[in-house]
Amino acid sequence: MRLAGHHRTLFKMLALSLIAVLLSGCSNNWGWYVVSPMTKSGMNNLLFLIGGLKYTLLLSVTAIMISVVVGLLVALPGLSENRALKLFNRTYVECIRAIPILVMILWVYYGLPQIADIQIGVFWAGVLALALSDSAFQAEIFRAGIQSIHRGQYEAARSISLSYTDTMRFIILPQAIKRILPALGNQLVYMLKMSSLVSVIGMQELTRRANELVVTEYRSLEIYTILIVEYLVLILIVSAGVRWLERRMRTDEGS
Amino acid sequence: MTDPASDARSAGRTAPIIELIDVNKWFEDFQALKDINLAVLPGEKLVVCGPSGSGKSTMIRCINRLERHQSGRIIVDGTELDDDEKNIRAVRQEVGMVFQQFNLFPHLTVLENLMIGPQRARKMTKAQARERAELYLERVHIPEQADKYPSQLSGGQQQRVAIARSLCMEPRIMLFDEPTSALDPEMISEVLDVMTELAESGMTMVCVTHEMGFAKRVADTMMFMDAGEIVESANPETFFGNPRTERCQRFLQQILGH
């Protein structure tokens with residue numbers, strides 16, 4: 001996989017700033033020993049921090065898969081001529097996106113079990129809250145993407161007697177998704193960052209682990225710096241992946 | 001050459017395959033169609049012309065329900081078009097349509113463009129659909145373009161693919177909505193040639209076009225529309241040789257004049 005030019009520049013900047021940070025760590029203000037791979041405890045701390053990556057990824061990817069599906073299901077009624085369906089779409093989007101993600105997480109984890117009489121674990125509460133919040137944005141992205149497809153595409157599909165479902169599945173959505181791919185990539189990046197909020201209910205993802213380590217080691221500067229680098233590397237990889245996918249889909253059309 | 005349509009008409013026995021009775025349509029306050037009455041017999045070639053905004057496109061778009069008429073009746077191949085989705089899809093299976101802007105599916109190859117209808121709407125297997133697609137691609141003289149994407153083809157080739165896409169549904173009626181208006185002049189004839197061959201095969205055709213040479217060659221009936229009304233409808237000899245109304249005369253002078 002070849003990285004695009006500006007990505008390589010970004011990686012260079014990242015590497016340079018890392019070196020700068022490490023060099024400044026030689027002064028007395030820094031205590032990199034806390035995460036130094038040279039010592040046993042430092043290595044353990046480092047592995048503990050990086051171990052959160054699994055949950056951050058699992059949380060974000062599960063949530064975005066759900067929110068894409070829910071977003072699409074909310075977007076479609078919004079494109080209908082039917083006023084009731086349109087109203088459902090507007091109400092959902094306006095209400096859900098007015099709720100701060102942190103509040104949504106707290107409400108789903110502490111509130112929902114009381115009204116719905118269900119047991120909900122930290123992971124699924126996090127997934128549900130993130131997915132709900134994101135679905136309103138996904139719905140808007142899908143609506144815009146589908147609306148950008150020319151009317152002639154629907155007419156051609158209808159003229160060969162394709163059903164609504166087939167028209168969407170084979171004609172409209174493949175073209176719409178190609179157009180909204182950059183926006184979907186943005187949402188994934190956003191989701192990876194927002195998953196840090198799930199730390200407040202005790203999810204052992206990147207941020208929670210950093211917090212826990214800070215409490216025992218009192219080295220917030222080093223540990224939070226590592227945390228930033230973790231997110232940075234993760235997100236740079238993800239956006240490089242999204243761009244690669246965009247390029248691939250573009251060449252698919254042969255032009 | 002025998003002419004099934006006019007034979008049937010003079011004998012007065014064959015039922016029309018397309019029938020419009022007192023059809024009216026409005027776009028908000030604008031009346032696009034005014035009391036349209038029309039009957040097309042199986043095998044008949046009807047060519048519709050008229051100034052832009054005269055309602056000719058709207059009329060043929062009502063025949064496969066891309067536009068919804070507000071009053072009157074439209075009966076296609078024995079099925080009346082109403083709000084029943086099942087009737088609409090039944091009619092669309094029998095009515096192919098070719099658009100001014102081709103409207104090919106840009107994300108599918110030529111072959112896939114042709115196969116999707118038979119596979120999804122006619123429930124054919126992939127192999128059957130492919131066989132049929134190749135057959136009709138041959139029929140429009142571009143079998144070698146099968147694996148290309150629409151954007152890699154010229155306008156004339158794209159329009160021929162669009163014709164083949166409709167034919168793959170094996171419709172009984174073909175509608176053409178200004179099929180050559182978006183084409184560069186040098187590509188018009190390749191599309192008209194395919195349409196002429198189709199006409200010779202006995203297909204029922206309704207063509208909105210200003211290609212009067214083509215009209216003279218294939219039309220059984222010529223129709224002139226203006227301001228949402230059918231102003232004149234006659235066989236080509238009468239229509240071109242002796243138009244009744246002044247509106248039609250003026251229009252013909254304009255488009256035949258250059």
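Quick note: the coordinates plus some simple rules give every number you see, no bench work behind them. Note that the structure is a prediction, hence the values are computed from the model and not measured. Quick reminder, even Gly has a Cβ in these numbers, built from the backbone with ideal geometry, and neighbours come from all protein chains shown.
Odds and ends about this structure:
- Per residue of peptide B:98-105, the mean number of Cβ atoms on other chains within 10 Å of the residue Cβ is 4.
- Fraction of antiparallel bridges per DSSP, the protein assembly as shown only, in percent to nearest 5: 55 percent
- Helix A:83-96 axis, angle to chain A major axis (alpha carbon atoms, nearest 10°): 10 degrees
- Gaussian network model of chain B, springs between alpha carbon atoms under 10 Å - residue of B:Arg160, B:Arg217, B:Arg61 with greatest fluctuation: B:Arg217
- Hypothetical label at A:Val103: residues of the range A:118-155 whose amide nitrogen lies under 16 Å (7 Å Cα-Cβ projection): A:129-130, A:132-134, A:136
- The mean count of C-beta atoms from other chains within 10 Å of the C-beta of residues in A:168-181, rounded to a whole number, is 2.
- For the range A:138-153, backbone phi angles converted through the Karplus equation (6.51, -1.76, 1.60; θ = phi - 60°) give residue-by-residue couplings of 4, 4, 5, 5, 5, 4, 4, x, 5, 5, 6, 7, 4, 3, x, 5 Hz, Gly and Pro being listed as x.
- Using the Cβ-Cβ distance between A:Ser36 and B:Lys148 with R0 set to 60 Å, the FRET efficiency from 1/(1 + (r/R0)^6) comes to roughly 0.55.
- DSSP bridge pairs, the range B:94-242: antiparallel proportion in percent, nearest 5: 35 percent
- Förster radius 25 Å - calculated FRET efficiency between B:Lys123 and A:Cys95 (Cβ-Cβ, nearest 0.05): 0.05
- Each of A:Gly185, A:Leu72, A:Leu102 was placed along the dipole of the range A:53-203 (beta-carbon charges, centred on the mean Cα), and the one lying farthest toward the positive end is A:Gly185.
- Between the range A:69-104 and the range B:170-184, the Cα center-to-center distance that results, in Å: 40 Å
- Spatial extent of chain B: Rg and Dmax, with the Cα atoms as the point set, Å: 18.1, 55
- Per residue of the protein assembly as shown, the DSSP helices (runs of n ≥ 4 H) give a summed -39500 (n - 2.57) that works out to -18500 deg cm²/dmol at 222 nm.
- Contour minus Cα-Cα distance for A:Met65 and A:Asn82 (0.36 nm per residue): 3.4 nm
- Once the Cα atoms are used to define both axes, helix A:220-251 deviates from the longest principal axis of chain A by about 30 degrees.
- For the range A:130-153 and the range B:222-258, distance of Cα centres in Å: 48 Å
- Point-to-point label distance, A:Arg250-A:Tyr164, nm (Cα→Cβ direction, 7 Å offset): 3.5 nm
- The calculated FRET efficiency for B:Ala39 paired with B:Ser201, based on their beta-carbon distance and R0 = 25 Å, is about 0.70.
- Placing a label point 7 Å from the Cα of B:Gln254 along the Cα-to-Cβ line, the residues of the range B:188-232 whose backbone N sits under 18 Å from it are B:208-213, B:223-232.
- Remark: the B:Ser71-B:Asn87 segment gains 4.0 nm on full extension, using 0.36 nm per residue and subtracting the alpha carbon distance.
- For B:Val231, distant residues with modelled amide H under 5 Å away: B:Phe224, B:Met225, B:Asp226
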